[in-house]
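Chemist: The structure under discussion is supplied below as structure tokens; questions concerning it will follow.
The values are calculated or read from the model by the stated rules, or taken from the named source; none is laboratory data. Predicted model, so just to flag it, every value in this text is computed and none were measured. Here the Cβ positions follow ideal geometry from the backbone for every residue, glycine too, while neighbour counts run over all protein chains shown. For the accessible areas, the whole protein counts, side chains as well, though only heavy atoms, and no ligand, DNA or RNA atoms are used. Shrake-Rupley method; radii C 1.70, N 1.55, O 1.52, S 1.80 Å.
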Amino acid sequence: MHTLLNQFSKIGIAITVYYWVQEGLFMNEIPEPEGNLDDYFLVTLDSNDIKSIIHNVRGVTLKEFLDRLEEGQICFGMKYKGEISSIMWANIKNCHHRPGGSNLEKDEAYMYGMYTFDAFRGRNIAPYLRYKCYEALRGMGRDKLYSITEYFNKSAVRYKQKLNAQNLDLGLIIDLFSKFRRRFHLKSYRGNTMSS
């Protein structure tokens with residue numbers, strides 16, 4: 001089904017079934033990356049950093065990344081021995097996947113766009129970056145942290161489970177040729193544990 005939906009999106013029919021997820025909850029164990037923790041350092045990236053790493057990211061243009069910075073979004077990066085190994089975005093203003101409206105409150109953030117560069121894959125860096133982003137966003141007063149997980153992306157569902165994330169809602173977005181967009185609320189899991 002995931003593959004079929006991707007094929008539809010290529011002709012302008014985007015159908016997204018997703019979980020609205022709360023993260024940063026009940027972290028009993030810190031997800032540690034491979035190697036010495038002292039070699040890892042969380043940074044926020046500016047436009048010069050973005051220009052230096054954009055060739056490592058597939059499916060996104062430099063303009064798109066720079067536009068995100070211009071909008072006030074935050075790009076976090078995890079450096080390993082001084083080299084950026086992975087990135088993740090945080091939007092602190094809005095999210096069009098959010099049930100009930102897209103604007104975010106002052107204590108909320110929407111996390112997305114996690115990407116680990118090819119040379120650093122398989123080292124458990126992404127969960128560690130995610131964890132360090134939780135800390136950084138909380139330091140900014142953002143302690144309600146959200147993301148989406150595509151319903152049919154079972155590996156992403158398992159990844160979020162390892163971070164003790166909790167599904168709050170099941171939603172559907174239909175976008176036809178970038179002209180018609182509707183969001184539907186399908187189910188609530190609030191008060192329940194993570195389900196897949």
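Chemist: Considering the range 61-72 alone, what residues qualify as being open to solvent by 10 Å² or more (accessible area, probe 1.4 Å) and assigned to a helix (DSSP H, G or I)? Can you show your working first?
Modeler: Start the filter on the range 61-72 by keeping residues that are open to solvent by 10 Å² or more (accessible area, probe 1.4 Å), which leaves 61-64, 66-72.
The answer is 62, 63, 64, 66, 67, 68, 69, 70.
Chemist: Something else about it: Does the range 40-49 contain at least one residue that is open to solvent by 60 Å² or more (accessible area, probe 1.4 Å), within 22 Å of residue 127 (Cα to Cα) and aromatic (Phe, Trp, Tyr)?
Modeler: yes
Chemist: Being in a loop (DSSP other than H, G, I, E, B) and modelled with pLDDT of 95 or more is the filter here; which residues of the range 20-50 pass it? Steps first, please.
Modeler: First pass over the range 20-50, keeping only residues in a loop (DSSP other than H, G, I, E, B): 24-36, 45-46.
Of everything in the range 20-50, those that are in a loop (DSSP other than H, G, I, E, B) and modelled with pLDDT of 95 or more turn out to be 45, 46.
Chemist: So which residues in the range 27-46 are over 19 Å from residue 136 (Cβ atoms) and touching a residue at least 12 places away in the same chain (Cβ under 8 Å), if there are any at all?
Modeler: Of everything in the range 27-46, those that are over 19 Å from residue 136 (Cβ atoms) and touching a residue at least 12 places away in the same chain (Cβ under 8 Å) turn out to be 28, 34, 35.
Chemist: Checking the conditions here, which among 128, 134 is crowded, with 19+ Cβ neighbours inside 10 Å, touching a Gly at 6+ places or on another chain (Cβ under 9 Å), among the hydroxyl-bearing types (Ser, Thr, Tyr) and closer than 30 Å to residue 39 by Cβ?
Modeler: Details: 128 fails: touching a Gly at 6+ places or on another chain (Cβ under 9 Å).
Within the list 128, 134, the selection yields 134.
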